[in-house]
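Structure first, then comments.
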4 protein chains.
Amino acid sequence: MPADATTTVQQLKEIMRAFVAERDWQQFHSPKNLSMSLAIEAAELMEHFQWIDVPASRQVKDEPAKLAAIGEELADVLCYALALSNELGLDLSETIRAKMVKNATKYPAAEFRGRYGKDDLPT
Amino acid sequence: MPADATTTVQQLKEIMRAFVAERDWQQFHSPKNLSMSLAIEAAELMEHFQWIDVPASRQVKDEPAKLAAIGEELADVLCYALALSNELGLDLSETIRAKMVKNATKYPAAEFRGRYGKDDLPT
Amino acid sequence: MPADATTTVQQLKEIMRAFVAERDWQQFHSPKNLSMSLAIEAAELMEHFQWIDVPASRQVKDEPAKLAAIGEELADVLCYALALSNELGLDLSETIRAKMVKNATKYPAAEFRGRYGKDDLPT
Amino acid sequence: MPADATTTVQQLKEIMRAFVAERDWQQFHSPKNLSMSLAIEAAELMEHFQWIDVPASRQVKDEPAKLAAIGEELADVLCYALALSNELGLDLSETIRAKMVKNATKYPAAEFRGRYGKDDLPT
C-alpha cells in the first residue's frame, strides 16, 4: 500500500514544521521568501523537462534514476508549499477541495471534454 | 478539526485524477506541460508578495480576503503537483519523507540553527 | 531596417529609467522585488506555450495575433531586466559578452555540435 | 563609456545567433523550450535574493562578488530572451517601445506617482 493512502496532509505539515522549528528557521520563512522558494524549486523541477519534447516527458516514469531525481524536486516544491501553509495557517485539504469545486463550475465536463478554454474550441 | 487532519494525500490525488479523467485531459497532462503549469501557478502565487516587503508578508494571514486569494493560488500549485504525481506514479508521502531525511543530514540542526548554508555563517 | 539595428541597450535602459522616475517607483524597484517581477513575467510568457507541443510552438511566428501577445510578454521580461540593470548599475552588453565567452569555453562547438551536455551524448 | 552606450540590440542578437548556429542548437531552441529556459534562468537569478530582505537587496550593488554572480544570471536570462527573439523574428526595440507607450497610458504618471494599481491607493 502506498504511503499516500495512509498519510494525512497534517502529518506532512508536522514533519516540515518540526524541521523548521529545530533549526530556528521561522525567521527566514516569511510568506514572501517562501513564495520565491516555491517558484525556484518549481523551476528546478522544470529543468528536467527543458530540452525533451512532450512525448519523451511521458517516458520518464519508466526511467528509475530520472524519476527519482524528479521526485526529489517535486518533494522540494511540496515542502515549501507545506511550510507556507504552516506560516499562513491554511488548511490545504479544505482549500484544494474548494478550488476544485470552483474549477468544476468553470470547466463543466460536458463542455470541456478534450479541450481547454475557448481557444481550444474546434472551429 | 482541520480537514488536513483527516485527509490523506491519496484522497487529494483521487480528486484530481477524477477531475482530469472526466474532461479527458490526460492528453494535455504530459509531465513537461505539467511542470510548466506548476511553475506558472507558483509565479501567480508570488504575485501576491511581489511589491510588499518581508515583514508585511507575515501580516497577510490576518487579512481574510488576501489570504483566501493566496490560498487559491497555492491550491492551484498543489493541484498540478497532484496531477504530476498521478502521471508519474509517484508516492508523494514517501518521496517527501525521504527528502526530509536527506535534508536533515545535509542541514544538521545543531550546525544550522538560525542560519542557512555556508554564506550565512557569522564571520 | 529593424529598430534593433540602430537602438543601443543604453537607449532602452533610459526609456525604462525615465518611466520609473516619472512615477517615483524606485521605492518599489528593489533588486529583490524586481527579481520576482522578472520571474513572474517569464511565467506569463511561458503560458503561451503551456499546452502546445514543441513543433507547434515553432509555428507561432506565423500567427500575427499570437506573436504580438508573446512579444508583449517578452517586452515585460526585458523591461524588468532593464530596470534591474539600472538599479544594480550593470553594463548588460559587457555582462552578456563576458558570459558568452565563458559559455564558448564550457561548450566547445566541436564537442557540443547537435547536443547539450553529457546526458545528450549518443550512447 | 559603458558598452551599453555603443552596443545595439542587433549586435547582441547576432552574438547569440552565431553561438547557437555553431553548435547546431536551433533544433533544441523551439519557442516552447526557450520559454522554459528563460523562466529557469529567472529563477536562478531570484535565488540570490531568496533569503535576504528588501533593503539588503539594495546593498548587493556594493558587493562585487555577489554583483558579478547576479550579473551572470541576468546575462543568462537575456541570452535566452535574445535566442527567443531570434527564433520568433521579433524586433525587441520596437516591441519594448510599443509596450512602454501602452504602459504609459495604463499608468499615467500623475495618477500613479508613488503607487502601483488600485490596491495601493491611500484609503
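The values are calculated or read from the model by the stated rules, or taken from the named source; none is laboratory data. Owing to the predicted nature of the structure, the values given are computational and were not obtained by experimental measurement. Don't worry about glycine lacking a Cβ; one is built from the backbone with ideal geometry, like all the others, and counts go over all protein chains shown. Heads up: the accessible areas ignore ligands, DNA and RNA and are worked out on the full protein's heavy atoms, side chains in. Shrake-Rupley method; radii C 1.70, N 1.55, O 1.52, S 1.80 Å.
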Residues of the stretch B:82-123 being of a type in the set (Val, Ile, Thr) and either in contact with a helix residue (DSSP H, G or I) (Cβ under 8 Å, 6 or more places away or on another chain) or at pLDDT below 95 (or both), in sequence order, are B:Thr95, B:Ile96, B:Thr123
Taking the stretch B:66-90 and keeping residues without any contact (Cβ under 8 Å) to a residue 40 or more places away in the chain and within 23 Å of A:Ala56 (Cβ to Cβ) leaves B:Gly89, B:Leu90
Sole miss for B:Ala18 among (1) touching a residue at least 12 places away in the same chain (Cβ under 8 Å); (2) more than 7 Å from every other protein chain (Cβ to nearest Cβ) is condition (1)
Scanning the stretch A:22-77 for residues that are out of contact with any helix residue (DSSP H, G or I) (no Cβ under 8 Å at 6 or more places or on another chain) and open to solvent by 50 Å² or more (accessible area, probe 1.4 Å) gives A:Asp24, A:Gln27, A:Pro55, A:Gln59, A:Asp62, A:Glu63, A:Pro64, A:Ala65, A:Ala68
Of the residues in the stretch C:48-78, those that are more than 7 Å from chain D (Cβ to nearest Cβ), of a type in the set (D, E, K, R) and more than 16 Å from the chain's Cα centre (by Cα) come to C:Asp53, C:Asp62, C:Glu63, C:Lys66
When the stretch C:27-47 is checked residue by residue, the ones that are under 18 Å from the mean Cα position of the chain (by Cα) and of a type in the set (S, T, N, Q) are C:Asn33, C:Ser35, C:Ser37
Consider C:Val9 carefully, then state whether it is open to solvent by less than 40 Å² (accessible area, probe 1.4 Å), closer than 16 Å to D:Leu78 by Cβ, of a type in the set (Val, Ile, Thr) and within 7 Å of another protein chain (Cβ to nearest Cβ).
-> yes
